[in-house]
Amino acid sequence: MALECKVCEQANIDHSQVVMRCLDSPSWCGYYLVGFDKLVSPFHMAISDWLQTKIDAGKRRFIIMTPRSHLKTSLFGVSNIVHRLLRNQDERM
Ligand SMILES: [Zn+2]
């Protein structure tokens, strides 16, 4: 039985797809859960995929260099943290 979600139902989107995307990517997590609607651009999705690949490989230290106003804090400082806590509520940062 599928979970009924009024928010997704009103927005006419698939709740299970939202859950899968949020668990899969910091960008989608920022988009759906935090409201950063620009984080799903191809540029940010590529950075998000790169970040997730490194984290999955056990890397813990990163440096990202992009000009200001390129949403580094939105992606790394907010969405990534929400994403990691969503995946593992016991994770320490
Ligand atoms: Zn929902």
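The values are calculated or read from the model by the stated rules, or taken from the named source; none is laboratory data. From a predicted model like this one, the values you see are computed outputs, not experimental measurements. Cβ atoms come from the backbone with ideal geometry, glycine included; neighbour counts cover every protein chain shown.
The residue that is surrounded by the most Cβ atoms within 10 Å (Cβ to Cβ), among those in the range 3-46 that are of a type in the set (A, V, I, L, M) and within 9 Å of the ligand (Cβ to nearest atom), is 18. Evaluated against (1) in contact (Cβ under 8 Å) with a residue 24 or more places away in the chain; (2) over 16 Å from residue 70 (Cα atoms); (3) not hydroxyl-bearing (Ser, Thr, Tyr), residue 39 falls short on exactly one condition, (2).
Quick check on the range 59-74. Is at least one of its residues small (Gly, Ala, Ser), touching a Cys at 6+ places or on another chain (Cβ under 6 Å) and modelled with pLDDT of 95 or more?
no
In the range 50-62, the residue that is nearest to residue 30 (Cα to Cα) out of those that are out of contact with any helix residue (DSSP H, G or I) (no Cβ under 8 Å at 6 or more places or on another chain) and assigned to a helix (DSSP H, G or I) is 50.
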